[in-house]
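The values are calculated or read from the model by the stated rules, or taken from the named source; none is laboratory data. What you see is a predicted model; the values in this text were computed from it and never measured. Cβ atoms come from the backbone with ideal geometry, glycine included; neighbour counts cover every protein chain shown. Please note that ligands, DNA and RNA were not included when accessible areas were found on the heavy atoms of the full protein model with its side chains. Shrake-Rupley method; radii C 1.70, N 1.55, O 1.52, S 1.80 Å.
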Amino acid sequence: MDKSVASYKVIAAGSIPDSSINGWVCENSQGIHVNTWSVEGNPGNDPSNMVTPFIENWTNRGNFLGAGKVYYKLEGLEPGEVYYAQALIRSYNEASSDAPNGPNFFINDVVTSLSEAGTTFTYNGMSGIYATLGCATEVAADGTLTLGVEIAEDRNYNWVAFKNVKIQSMDVAFNEAVAQIEALQGTIPTAAYNAAYAVAENYMGDNKPTTVAEYDTALNAIEAALATASSLVAPYATWNQLKDQSLALAEGHAQLTAAIQKVAVAVEFLTTAAEMVEYNTMATAMITNYSAWDELKQSADALAAVSNNNATANDELKGAITTQFNNLANAPADTKEQVFTLIYVTIPTATASLKAAMEEYVRAAEPTNDECFDLTFMIQNPRFDTDATTGWNFTEAPGYNYGEGEYYEKTFDFNQTLNNMPKGNYELKVQAFQRPGWPGDVYNAYSQGIDNVVAEIYINEGATKVKNICEDAQDAALFTDGGYGYPYDSQVGSEGNYKYFPNSMEGTQYYFANGLYDNSVLTSVEGDLTFGFRSSESQSAYWIIFDNFRLYYYGSAVSVTIDETKDFSVLSDLENATVTLNRTLSTEKWNTFVLPFDLNNAELKTAFGDEVAVAEYSETVNGDESTVNFNQMATPAITANVPVLLKPSVVSKLRSEERRVGKECRS
């Protein structure tokens, strides 16, 4: 009966040392000794793993070992007890290509043949064979066990080596196998544990093995049960993690919480890994599907709370939210089939129905009171949670890692289209930057006012370049181990004035998490709305990272602030814009002034006082001479995008509503 080390759980305490021949007896004339110098069994040489030290019986190449045994005798054991012994054995025929035909491994009268069980090989022109051999027997009536190797009369080899000689009571092995099953309690479903332990119980008490054959049967059965039970450990641990995530996610949703708890009860009746995997797949789907539902419902609640011009449509949206929530709350979940239906059918259906109601509402109502509708729910895969391609159209797929999309030295167009969108003003936001070259070169150019960024975000014809990586550079690194350079942040500038920005996708996540590198484009649309990110040009080391797309709808009105401390541009005409001007003006002198919309005389006086004065610019060219004139207007007024000189009689913040801001405007 051949058994491996793993089969009988042989322990080190039962080992016979490899570094001593004390207790060993050699019957042939060559004798035995401890080899501490040979390298044949070292890694990369022959496959036997017969590394020194080992015990050997050897004679010169071209000769054969003498017949006989090399054995070790154990005395004072309990007659009839069953023991298992094993050893790693290798033999060489150094002078021939014929595979060695032995030796045998034995314990008392039980023999295992190396030539039958071993693996043959050739190394340095020598033929060899090796194996870890084992066998079991009962202690003889005189209380002895004799184990070792036997060299037969017909041997054809000159070198035998052995090590890792171990012996153990089969009773200990049996108890260890049972203990391993007992150790699984709490780490696998209850039913699976009970089934495995029941197998072990079949061989306990009056049924405990006493012979080699009985131990063989018992250990084979227990080990098979142990293997089946152990296969549930990993999926059961996964289940418990998924269960905890699910319960935390479903907190406040009584029906879903109850369903998860019922599934948890059902899991305890599982007995196979395949069943466990099925339930884990279900739990994963529950987390995915319910997360999508929960996020959408929060978006729907926020959407319904925005001031709007259509009370009827708003009531219908609120009704749809309640209806779909109740569909989940009232879904039956008393059986496995009902729970699976809730997770795979009811939740996705409720999510799709609510999304459709939200889209219908957006097309029927407009936000009011300077508020906006958050349409991010209409974007597929806006945050790249699992990939950067699902739902998107692209000329070339971006790289993906750390929840971010990436292009390196690539031209691309990455977009989605929303059809039949209501007329009005839309804003797209996305966290993104471009590093147009190598870090030091980019920073030096940027410090001199040179920005080579070519990538842009866009909505239809409206587009704006994304931030240069230097724009949101920090005074302290956000990702470093104390040093700088990939994957850690780039350090640029000079001592006392160092700046830091990302140098890897891994590092970028820390900048995005701090709200840095946010970009926006605002434009008017009616009908199909295509939005995205693109670059028609790229050069060496041009690097782009992007994530977190958001879309907002302001209806036919939009608020615009023109601030003297910031650049201002409009990418397309904005209708019904409410414009706020933050500008420091002096009443004591003329001020340069331009607005993106008209102000008539009455509006001008309301904003800047009854004594406000406006001077128009004109130029007269006579040959090489040019004369610039500023003529004060008799009836002051402002024409959109026409520079003038302005002298107010009072100073106040300008807020003007229902204006058209043209895309020609820049400041």
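Values computed for the structure shown
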{"quantity": "Cβ pairs under 8 Å, 6+ apart, first in the stretch 212-231 and within 10 Å of A177 (Cα to Cα) and in contact (Cβ under 8 Å) with a residue 60 or more places away in the chain, second buried (at least 20 other Cβ atoms within 10 Å of the Cβ) and hydrophobic (A, V, I, L, M, F, W, C)", "calculated": "L219/M170; L219/A173; L219/F174; L219/A177; E223/A177"}
{"quantity": "Residue within the stretch 176-192 that is acidic (D, E) and modelled with pLDDT of 95 or more present", "calculated": "yes"}
{"quantity": "Top-ranked residue of the stretch 379-405 - restricted to ones that are assigned to a loop (DSSP other than H, G, I, E, B) and of a type in the set (S, T, Y), ranked as least open to solvent (accessible area, probe 1.4 Å)", "calculated": "T389"}
{"quantity": "Entirely in the stretch 113-203, the helices (runs of 4 or more DSSP H) that have 1 or more residues that are over 24 Å from L226 (Cα atoms)", "calculated": "114-117"}
{"quantity": "Search result, residues across the stretch 543-554 that are open to solvent by 20 Å² or more (accessible area, probe 1.4 Å) and either among the aliphatic types (A, V, I, L, M) or assigned to a strand (DSSP E or B) (or both)", "calculated": "D547, N548, R550, Y552"}
{"quantity": "E337 vs. criteria farther than 30 Å from P487 by Cα, open to solvent by 50 Å² or more (accessible area, probe 1.4 Å) and modelled with pLDDT under 95", "calculated": "yes"}
{"quantity": "Residues of the stretch 589-617 satisfying the condition of being assigned to a loop (DSSP other than H, G, I, E, B), open to solvent by 50 Å² or more (accessible area, probe 1.4 Å) and either modelled with pLDDT of 90 or more or touching a Pro at 6+ places or on another chain (Cβ under 6 Å) (or both)", "calculated": "K589, W590, V594, N600, D610, E611"}
{"quantity": "Hits in the stretch 447-469 (condition: open to solvent by less than 10 Å² (accessible area, probe 1.4 Å) and either within 25 Å of V492 (Cα to Cα) or assigned to a loop (DSSP other than H, G, I, E, B) (or both))", "calculated": "V453, A455, V466, N468, I469"}
{"quantity": "Positions within the stretch 106-127 being crowded, with 22+ Cβ neighbours inside 10 Å and within 16 Å of D154 (Cα to Cα), in sequence order", "calculated": "L114"}
{"quantity": "Candidate set: the stretch 508-529, residues that are closer than 30 Å to E366 by Cβ and of a type in the set (A, V, I, L, M, F, W, C); chosen: the one farthest from the chain's Cα centre (by Cα)", "calculated": "V525"}
{"quantity": "Qualifying residue in the stretch 515-535 (condition: surrounded by fewer than 18 Cβ atoms within 10 Å (Cβ to Cβ), farther than 21 Å from W438 by Cα and of a type in the set (S, T, Y))", "calculated": "yes"}
{"quantity": "Contacts under 6 angstrom Cβ, first residue in the stretch 539-554 being closer than 16 Å to E506 by Cα, partner surrounded by 18 or more Cβ atoms within 10 Å (Cβ to Cβ) and of a type in the set (S, T, Y), 6 or more apart", "calculated": "I544/Y407; I545/T508"}
{"quantity": "Check on Y71, at pLDDT 95 or above, buried (at least 17 other Cβ atoms within 10 Å of the Cβ) and of a type in the set (F, W, Y)", "calculated": "yes"}
{"quantity": "Tally of residues being open to solvent by 10 Å² or more (accessible area, probe 1.4 Å), touching a helix residue (DSSP H, G or I) at 6+ places or on another chain (Cβ under 9 Å) and part of a strand (DSSP E or B) across the stretch 74-95", "calculated": "1"}
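Okay, residues lined up against (1) over 22 Å from N419 (Cα atoms); (2) in a loop (DSSP other than H, G, I, E, B):
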{"residue": "L328", "(1), (2)": "yes, no"}
{"residue": "P332", "(1), (2)": "yes, yes"}
{"residue": "A365", "(1), (2)": "no, yes"}
{"residue": "F377", "(1), (2)": "no, no"}
